[in-house]
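What follows is a single structure, written as structure tokens, with notes after it.
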Amino acid sequence: MNGDVFVVIAAFNEGRVIRSSVQPLVDLGYSVIVVDDASSDDTWGALAGLPVYRLRHPINLGQGAALQTGMDFALAKGARFIIHFDADGQHRVDDIPRLLEPLRAGEADVVLGSRFLSASDRARVPARKRVLLKAGVVVNGLLTGLWLTDAHNGMRAFTAAAAAGIDMRENRFAHASEILDQIRRRRLRCVERPTTISYTAYSMAKGQSSLNSIKIVIDLMLRRIFR
Amino acid sequence: MRPVQFVLIVMLLGVLILYFSRLRSGLLDRVVVLALSLVGIAMVVAPDLTTKVANKVGVGRGVDLFFYLAIVGISFAGLVLYSKIRDLDASITQLARAIAAERAYAPPRDDRANDGNSG
């Protein structure tokens with residue numbers, strides 16, 4: 001019943017956790033596409049036997065490129081809805097129906113996850129991370145004109161039509177802001193829904209460093225100049 | 001001729017010969033490179049010439065004028081290169097994506113899903 005909902009996961013060296021991230025999605029009947037971004041570990045083999053689509057970039061291109069590859073593939077497979085989901089187990093499968101609801105009701109084209117919409121979710125965000133994310137909110141708002149409550153939340157839901165209009169060119173992490181920019185340009189109807197993030201030691205270690213945030217801003221500004 | 005002039009002219013000619021023998025560039029590029037090299041050699045042979053030109057445009061020394069122009073030129077070259085690299089990046093991404101899609105592993109139950117959709 002969830003088969004027309006395609007969950008796209010970009011994975012780079014997630015061999016240790018990818019199987020436990022994917023298994024609950026499979027159990028719920030979602031179609032899953034894992035894009036292995038040329039991992040040097042056995043991310044690919046870790047999924048053996050699971051009924052999921054597996055794509056592998058021949059060279060590492062970055063998370064944005066991997067998500068775009070997965071989205072293109074999902075659309076080719078006849079997806080009705082596309083979900084972005086992180087590989088490291090920080091997202092909860094229970095949040096997916098909540099993200100899909102506005103899409104199914106025809107009230108939105110894109111639904112973005114936010115960890116700042118409910119008090120309990122908000123309390124989970126570590127203080128340093130909170131400052132960084134709120135700074136990201138301001139940067140995104142200024143650069144893309146879309147003012148949200150969260151920045152760089154990896155969980156998003158798209159209708160097929162909306163996904164077809166998204167063309168990410170920022171291969172690296174700047175894609176998160178680029179998506180917002182395109183949502184705005186294409187005048188897609190966009191709402192936020194609460195998502196719960198599990199801050200495990202693993203996902204924290206893999207997360208972006210503060211330095212990376214500065215790089216993202218520079219990437220975005222260069223993008224303004226070069227198409 | 002002073003020794004430095006000789007060295008500079010030899011270097012300029014060397015670059016010119018390398019350019020024409022190794023790179024198969026377009027006619028316009030060749031003309032521009034040839035013209036620039038000739039201007040360069042002229043500047044080496046007659047240094048006073050640049051100072052005269054500099055004075056005409058309000059710069060004191062020919063060296064300074066050359067310095068300003070060089071900075072602008074290098075910045076421009078950097079931008080052109082950067083934009084070319086971005087284009088290359090985009091092409092490589094497209095290629096990699098096509099390869100990934102072509103070699104995709106599809107689970108066995110995909111057939112059933114497809115039958116359902118097309119039926």
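How many partner chain Cβ atoms sit within 10 Å of a residue's Cβ in peptide B:88-101, on average, as a whole number?
What the average comes to for B:88-101 is 6.
Could you compute the FRET efficiency for A:ALA164 and B:LEU23, with r as their C-beta to C-beta distance and R0 at 41 Å, rounded to 0.05?
0.50
Which of A:ASN60, A:ALA108, A:VAL125 sits closest to the plus end of the dipole of the range A:1-146, meaning its Cα is farthest towards the positive end, when Lys and Arg get +1 and Asp and Glu get -1 on the C-beta?
Highest projection toward the positive end goes to A:VAL125.
Could you give the length gained by full extension between B:LEU36 and B:LYS56, i.e. 0.36 nm per residue of separation minus their alpha carbon distance, to one decimal place?
The span from B:LEU36 to B:LYS56 would gain 5.2 nm if fully extended.
Modelled label-to-label distance, B:VAL7 and B:PHE67, 7 Å Cα→beta-carbon offset: nm?
2.0
By a straight-distance test (C-alpha under 19 Å), which lysines pair with A:LYS215 as possible cross-link partners, with residues fewer than eight away in the same chain excluded?
Those lysines meeting the cut-off are A:LYS129, A:LYS134, A:LYS206.
What Kirkwood hydrodynamic radius do you get for the range A:15-104 when you take the inverse of the mean 1/r over all pairs of distinct Cα atoms, in Å?
13.7
Given the -39500 (n - 2.57) contribution per DSSP H run of 4+ residues, what per-residue ellipticity at 222 nm results for chain A, rounded to the nearest 500 deg cm²/dmol?
-12500 deg cm²/dmol, from helical runs alone.
Could you tell me the convex hull volume per residue, in Å³, taken over the Cα atoms of chain A?
Per-residue hull volume (Cα only) is 118 Å³.
What percent does the relative contact order of chain A come to when contacts are Cα pairs within less than 8 Å and at least six residues apart?
Taking the mean separation of contacting Cα pairs over the length of chain A, I get 22 percent.
Report, in cubic angstrom per residue, the convex hull volume of the C-alpha atoms of the range A:1-59.
63
Can you list the trypsin sites (Lys or Arg not before Pro) in the range A:12-56 that are in a DSSP coil and have 15 or fewer other beta carbons within 10 angstrom?
A:ARG16
Could you work out the Kirkwood radius for the range A:89-143, taking every pair of different alpha carbons, averaging 1/r and inverting it, reported in Å?
Taking the inverse mean of 1/r over all distinct Cα pairs, the range A:89-143 comes out at 13.0 Å.
Which of B:LEU81, B:LEU23, B:LEU38 moves the most in a Gaussian network model of chain B with Cα springs under 10 Å?
B:LEU23
Counting only the backbone N, which residues of the range A:24-61 are under 18 Å from the spot 7 Å out from the Cα of A:ARG92 toward its beta-carbon?
A:24-28
Fewest first, what order do B:ILE85, A:ILE183 take by the number of other Cβ atoms within 10 Å?
By the 10 Å Cβ count, ascending: B:ILE85, A:ILE183.
Within the range A:99-143, which residues have the backbone N less than 13 Å from the label spot 7 Å out from A:ARG184 along Cα→beta-carbon, could you tell me?
A:137-143
Treating the Cα atoms of the range A:102-189 as identical point scatterers in vacuum, please give the log10 of the normalised Debye intensity I(q)/I(0) at q = 0.11 Å⁻¹, two decimals.
Debye curve over Cα of the range A:102-189, log10 I(q)/I(0) at q = 0.11 Å⁻¹: -0.31.
Treating only the Cβ atoms of Lys and Arg (+1) and Asp and Glu (-1) as charged, compute the dipole magnitude of chain A about its Cα centre; round to the nearest 20 debye.
With Lys and Arg at +1 and Asp and Glu at -1, about 660 debye.
What is the order of A:MET71, A:MET221, B:MET1, fewest Cβ neighbours within 10 Å to most?
B:MET1, A:MET221, A:MET71
Mind pulling the angle between the C-alpha long axis of helix B:62-102 and the longest principal axis of chain B? Nearest 10 degrees, somewhere in 0 to 90.
10
What FRET efficiency comes out for A:LEU75 versus A:GLN23 if R0 is 25 angstrom and r is the Cβ-Cβ distance? Round to the nearest 0.05.
0.50
Would you mind ranking A:THR200, A:THR69, B:THR51, B:THR93 so that the residue whose beta carbon has the fewest other beta carbons within 10 Å leads the list?
A:THR200, B:THR51, B:THR93, A:THR69
Test of understanding: what is the full-extension gain from A:GLU101 to A:ALA48, defined as 0.36 nm times their sequence separation minus their Cα-Cα distance?
15.9 nm
In a GNM of chain A with a 10 Å cut-off on Cα contacts, which of A:LEU180, A:LEU133, A:LEU50 has the highest mean-square fluctuation?
Fluctuation is largest for A:LEU50.
Given all pairs of different Cα atoms, what value in angstroms does the Kirkwood hydrodynamic radius of chain B take?
19.4
Given Cα pairs under 8 Å that are at least 6 residues apart, what percent is the relative contact order of chain B?
Rounded, it is 14 percent for chain B.
Rule-based calculations on the coordinates, nothing more; no lab input. None of these values were measured; they are calculated from a predicted model. Don't worry about glycine lacking a Cβ; one is built from the backbone with ideal geometry, like all the others, and counts go over all protein chains shown.
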